[in-house]
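The values are calculated or read from the model by the stated rules, or taken from the named source; none is laboratory data. These numbers were taken from a predicted model, which means no experiment stands behind them. Quick reminder, even Gly has a Cβ in these numbers, built from the backbone with ideal geometry, and neighbours come from all protein chains shown.
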Amino acid sequence: MAHFKDQLGRTITISSPPERIISVVPSQTELLYDLRLENEVVGITKFCVHPKEWFNYKAKVGGTKKLHIDVIRSLHPDLIIANKEENDKEQLEELMKDFPVWISDIYTLQNALSMIHSIGEITGKIEGSEEIANNIQNKFDQLAPNPSLETRPAETSNQKPEAAYFIWRNPWMVAGKETFIHEMMNYCGFDNCFSHLSRYPEIQLAQLNKSGCKWILLSSEPFPFREKHAEEIRQIIPDAKIIFVDGEMFSWYGSRLLKAPEYFKEIREKITE
């Protein structure tokens, strides 16, 4: 048996390395795949769409917020990998009574890299996790300040255009501070115009006119924004520039981060057109 601390500071005791893993977080499921834990992962959620082959045949244990506890029990996991924000607290506490539950808590890139290292240690894939984490760090390090952003007329004190990142409609909800999306917006070259609000606040579209917002980012998830939703926003703030963005690049904090810097460079080009 081995003892490990999760990102909430809890100590869990597991058989090392674990042989029956359930992941209830999509971005961490993809990380387990990239760590080559094909045989060890026995259950995932219906939202764990990457990789496709796992999605097609791995046992589904419900959604991230509505886990099927009975299905999880039937799979006899010796480790459940979860997340403070993406999973329901009461359900995780119920699972903790019978199974080791390792919980991540991620707001920054460094939190994500720490999680990757920890998952590698827990699963006996230290070399693989270090390689992934180091590659992610290197790619973000190379995401140097965009010269064209630095020479444009100052729109804010640090010369980044103000943007709002929408995650939901009815009610309209945006990403505020203390979110991983907020940190990724900064790497992408934006100032979050709702950084004075915490987490995922509900807003009225009329607030956009007073926010200094120049760009609207409409995410592909969790709400699938379409052109008709962009038109609703244009009715309120016609001068804002609206772009549809890949939500996975802004909110998935596992190995998909390897692809995020190149994607952010593409968006930076749109900012400076």
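Would you check if there is a residue in region 79-90 being more than 16 Å from the chain's Cα centre (by Cα), closer than 29 Å to Tyr200 by Cβ, assigned to a helix (DSSP H, G or I) and not hydrophobic (A, V, I, L, M, F, W, C)? Yes: one or more hits. Among the residues of region 21-41, none is identified as over 19 Å from Ile103 (Cβ atoms) and of a type in the set (A, V, I, L, M, F, W, C).
Table: residues versus (1) surrounded by fewer than 18 Cβ atoms within 10 Å (Cβ to Cβ); (2) more than 17 Å from Ser129 (Cα to Cα).
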residue	(1), (2)
Gly9	yes, yes
Pro17	yes, no
Val42	no, yes
Thr45	no, yes
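Quick grid of which residues meet (1) of a type outside the set (Ser, Thr, Tyr); (2) under 30 Å from Gln142 (Cβ atoms); (3) free of Cβ contacts under 8 Å to residues at least 40 places away in the same chain:
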| position | (1), (2), (3) |
| --- | --- |
| Tyr165 | no, yes, no |
| Val174 | yes, yes, yes |
| Leu197 | yes, no, yes |
| Ile216 | yes, yes, no |
| Pro224 | yes, no, yes |
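Evaluate region 235-244: report whether one residue or more is buried (at least 20 other Cβ atoms within 10 Å of the Cβ) and either touching a residue at least 40 places away in the same chain (Cβ under 8 Å) or part of a helix (DSSP H, G or I) (or both). Scanning region 235-244 turns up no residue that is buried (at least 20 other Cβ atoms within 10 Å of the Cβ) and either touching a residue at least 40 places away in the same chain (Cβ under 8 Å) or part of a helix (DSSP H, G or I) (or both). Checking each residue in region 93-131 for being in contact with a Gly (Cβ under 8 Å, 6 or more places away or on another chain), hydrophobic (A, V, I, L, M, F, W, C) and either farther than 30 Å from Ile69 by Cβ or surrounded by fewer than 17 Cβ atoms within 10 Å (Cβ to Cβ) (or both) picks out only Ile126. Scanning region 255-273 for residues that are out of contact with any Ser or Thr (no Cβ under 7 Å at 6 or more places or on another chain), among the basic types (Lys, Arg) and assigned to a helix (DSSP H, G or I) yields Lys265, Arg268, Lys270. Are there any pairs, at least 6 apart or on different chains, whose C-beta atoms fall under 8 Å, with the first in region 50-69 and more than 14 Å from Ile80 (Cβ to Cβ) and the second loosely packed, with under 15 Cβ neighbours inside 10 Å, and if so, which? These pairs meet every condition: Lys60/Lys46; Lys60/Val71; Gly63/Lys46.
Look at region 14-27: where a residue is outside the structural domain of Lys46 (by TED's automatic domain parsing) and in contact (Cβ under 8 Å) with a residue 60 or more places away in the chain, no partner that is surrounded by fewer than 24 Cβ atoms within 10 Å (Cβ to Cβ) and aromatic (Phe, Trp, Tyr) sits 6+ places away or on another chain with Cβ atoms under 7 Å.
Consider Val71 carefully, then state whether it is surrounded by fewer than 20 Cβ atoms within 10 Å (Cβ to Cβ) and either out of contact with any Phe, Trp or Tyr (no Cβ under 9 Å at 6 or more places or on another chain) or more than 17 Å from Glu248 (Cβ to Cβ) (or both).
Spelling it out, Val71 is indeed surrounded by fewer than 20 Cβ atoms within 10 Å (Cβ to Cβ) and either out of contact with any Phe, Trp or Tyr (no Cβ under 9 Å at 6 or more places or on another chain) or more than 17 Å from Glu248 (Cβ to Cβ) (or both).
Name the residues in region 49-78 that are in a strand (DSSP E or B) and of a type in the set (A, V, I, L, M), would you? If the condition is that a residue be in a strand (DSSP E or B) and of a type in the set (A, V, I, L, M), then Ala59, Leu67 are the ones that fit.
Does Tyr263 fit the bill of being closer than 30 Å to Leu37 by Cβ, free of Cβ contacts under 8 Å to residues at least 24 places away in the same chain and either crowded, with 16+ Cβ neighbours inside 10 Å or among the aromatic types (Phe, Trp, Tyr) (or both)? Yes.
Examine region 24-32 for a residue that is more than 23 Å from Ala133 (Cα to Cα), surrounded by 15 or more Cβ atoms within 10 Å (Cβ to Cβ) and polar (S, T, N, Q), and state whether such a residue exists.
No, region 24-32 has no match at all.
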